[in-house]
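Asks: Sharing a structure here in structure tokens format.
The values are calculated or read from the model by the stated rules, or taken from the named source; none is laboratory data. Bear in mind that the values here come from a model prediction, so they are computed numbers and not experimental data. Reconstructed Cβ throughout: ideal geometry from the backbone, glycine too, with neighbour counts over all protein chains shown. These area figures cover heavy atoms from the full protein model, side chains too; ligands, DNA and RNA do not enter into them. Shrake-Rupley method; radii C 1.70, N 1.55, O 1.52, S 1.80 Å.
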Amino acid sequence: MPQNIRDVMTSNPRTIDANETVAYAAKMMLEEDVGLAPIVEGDRLIGMLTDRDIATRVTAEGRDPDQVKVRDVASTQLVTVDPRQDLDDALRMMAKHQVRRLPVVEENGRLVGVVAQADIAQAGDDSKTGQLVEEISESGGQMSSFEEGQQFPRQVDDQPESFVSQEGEPGQVEAQPEEEAVSKVQAASSRGRKRRTTSRKRSTARKSSGGARKRKTTSRKKSSTGARKRKTTARKKTTGARKRKTTARKKTTGARKRKTTARKKTTGARKRKTTSRKRSTGARKRKTTARKKTTGARKRKTTARKKTTGTRKRKTTARKKTTGARKRKTTSRKRSTAKRSTAKRKTAARRSTASRKTGTRRRTTRRKTR
């Protein structure tokens, strides 16, 4: 059986930065199928957040998980264990503080793993595991703030100065020196030795008390082991169902994304076609407008030409009228002149005739006179 915590712990657990939101932490817990998330700054452990913390400090108070930071609701009163300690020390610490998980932290404060009650149950013997389960479930003990039970003030040993509240004010916790933390570990180890001696005495008294207690212990071990196995099987089935559901959701989400992408591409192509049609229509409209303008200009030119031609025709008609009038005047003048000349000829003829008659009369008169 492995005696070192490093041999049974879960190495490199997934951690969360203190500035992340509670909604992000809940999604991480769902993806990893865990009930607790270590809060770190760099590699140093500064707090722990559990599903109970989210339920009691966020959901029950009606706060928005997308707005609440992890640092505001995480538990900082931590019970840690060194990876070089043995399983008996881990069992004693779990029984003393009534917790089912212990973060494994090195001397420099770096988180290296998490050891759970199930890990020790698989690696340890049944008698110690059964006793651990009884002591953890015993009422009146000191419960951790990240398990069911009383909540401790949120405080952690060797807390870094950068771990402040969301509003920017420093936390209300005072950092404890490293010597005090070492003294605590040493005190826990000494109490563990005393408890081992006491447990040995108790086991001797129990052996001498008779086989009835052994049978009771055996029945308790069998019932607790069987219940744990059934719970583990049920958890595995639930985990498998969750994984299948998550896979189905991912596939559905991927199909939806592909459909959305295809729709976007189709919509983009339609928009481009519509834009090209609008451009073609605009070009056609501009061409039609240019043609209409050209036709209008031609019509105006033709109208102007027609007006000019009408003016010329009117001028020509006026000239013709003037010429006709002049011709009529000339004809009338010629006629009047002809009439005058005829009258003159008639007068001249009359005069000549009269003169002839006068000469004849004179000659006749002269003859008569002779």
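Asks: Considering only residues that are within 25 Å of Glu41 (Cα to Cα), open to solvent by 20 Å² or more (accessible area, probe 1.4 Å) and touching a helix residue (DSSP H, G or I) at 6+ places or on another chain (Cβ under 6 Å), which ones fall in region 80-99?
Replies: Matches in region 80-99: Gln85 only.
Asks: So Val73 clears everything in (1) more than 19 Å from Thr232 (Cβ to Cβ); (2) open to solvent by 20 Å² or more (accessible area, probe 1.4 Å) except one condition, right? Which one?
Replies: (2)
Asks: Additional query: Filter region 8-23 down to the residues that are out of contact with any helix residue (DSSP H, G or I) (no Cβ under 8 Å at 6 or more places or on another chain) and of a type outside the set (S, T, N, Q), then identify the one that is least open to solvent (accessible area, probe 1.4 Å). Lay out the reasoning, then the answer.
Replies: From region 8-23, those out of contact with any helix residue (DSSP H, G or I) (no Cβ under 8 Å at 6 or more places or on another chain) are 11-13, 15, 23; that's our starting set.
Restricting the remaining residues to those that are of a type outside the set (S, T, N, Q) gives 13, 23.
On the way: Pro13: 34, Ala23: 18 Å².
Among them, the one singled out is Ala23.
Asks: Would you be able to say whether some residue in region 233-241 is part of a helix (DSSP H, G or I), touching a helix residue (DSSP H, G or I) at 6+ places or on another chain (Cβ under 8 Å) and in contact (Cβ under 8 Å) with a residue 24 or more places away in the chain? It would help to see each step written out before you state the result.
Replies: We begin by selecting, within region 233-241, every residue part of a helix (DSSP H, G or I); these are 233-241.
Remaining after also requiring touching a helix residue (DSSP H, G or I) at 6+ places or on another chain (Cβ under 8 Å): none.
No, region 233-241 contains no residue that is part of a helix (DSSP H, G or I), touching a helix residue (DSSP H, G or I) at 6+ places or on another chain (Cβ under 8 Å) and in contact (Cβ under 8 Å) with a residue 24 or more places away in the chain.
Asks: Evaluate the following for Thr342: is it part of a helix (DSSP H, G or I) and open to solvent by 60 Å² or more (accessible area, probe 1.4 Å)? It would help to see each step written out before you state the result.
Replies: Working: part of a helix (DSSP H, G or I): yes; open to solvent by 60 Å² or more (accessible area, probe 1.4 Å): no.
Against the criterion (part of a helix (DSSP H, G or I) and open to solvent by 60 Å² or more (accessible area, probe 1.4 Å)), Thr342 does not qualify.
Asks: Test of understanding: among Arg277, Arg244, Arg284, Arg305, which residue is closer than 30 Å to Ala121 by Cα and in a helix (DSSP H, G or I)? Full working, then the answer.
Replies: On the way: Arg277 fails: closer than 30 Å to Ala121 by Cα; Arg284 fails: closer than 30 Å to Ala121 by Cα; Arg305 fails: closer than 30 Å to Ala121 by Cα.
Selected residue: Arg244, the only one of Arg277, Arg244, Arg284, Arg305 that is closer than 30 Å to Ala121 by Cα and in a helix (DSSP H, G or I).
Asks: Taking Asp43, is it farther than 16 Å from Val115 by Cα and out of contact with any His (no Cβ under 7 Å at 6 or more places or on another chain)?
Replies: Taking the combined requirement at face value, the residue satisfies it.
Asks: Anything in region 81-119 that is over 15 Å from Val8 (Cα atoms) and of a type in the set (Val, Ile, Thr)? List them, or say none.
Replies: Correct list: Val99 only.
Asks: Tell me the residue from Gly282, Gly240 that is open to solvent by less than 100 Å² (accessible area, probe 1.4 Å) and modelled with pLDDT under 85, please. Break it down stepwise before answering.
Replies: Values: Gly282 fails: modelled with pLDDT under 85.
Exactly one residue qualifies, and that residue is Gly240.
Asks: Separate question: I need the full set of residues from region 35-47 which are without any contact (Cβ under 8 Å) to a residue 40 or more places away in the chain and surrounded by fewer than 18 Cβ atoms within 10 Å (Cβ to Cβ), in order please. Walk me through it before giving the result.
Replies: From region 35-47, those without any contact (Cβ under 8 Å) to a residue 40 or more places away in the chain are 35, 37, 39, 42; that's our starting set.
Selection gives Gly35, Gly42.
Asks: Among the residues of region 114-129, write down those that are touching a Ser or Thr at 6+ places or on another chain (Cβ under 9 Å), modelled with pLDDT of 65 or more, part of a helix (DSSP H, G or I) and open to solvent by less than 50 Å² (accessible area, probe 1.4 Å).
Replies: Scanning region 114-129 gives Gln117, Asp119, Ile120, Ala121.
Asks: Of the numbered conditions (1) open to solvent by less than 100 Å² (accessible area, probe 1.4 Å); (2) over 30 Å from Ala118 (Cα atoms), Ala234 satisfies every one except a single condition; which is it?
Replies: (2)
Asks: Also: Of these, Thr309, Thr364, which one is at pLDDT 90 or above, surrounded by 10 or more Cβ atoms within 10 Å (Cβ to Cβ) and of a type in the set (Ser, Thr, Tyr)? Before the answer, list the steps.
Replies: Working: Thr364 fails: at pLDDT 90 or above.
Only one candidate qualifies: Thr309.
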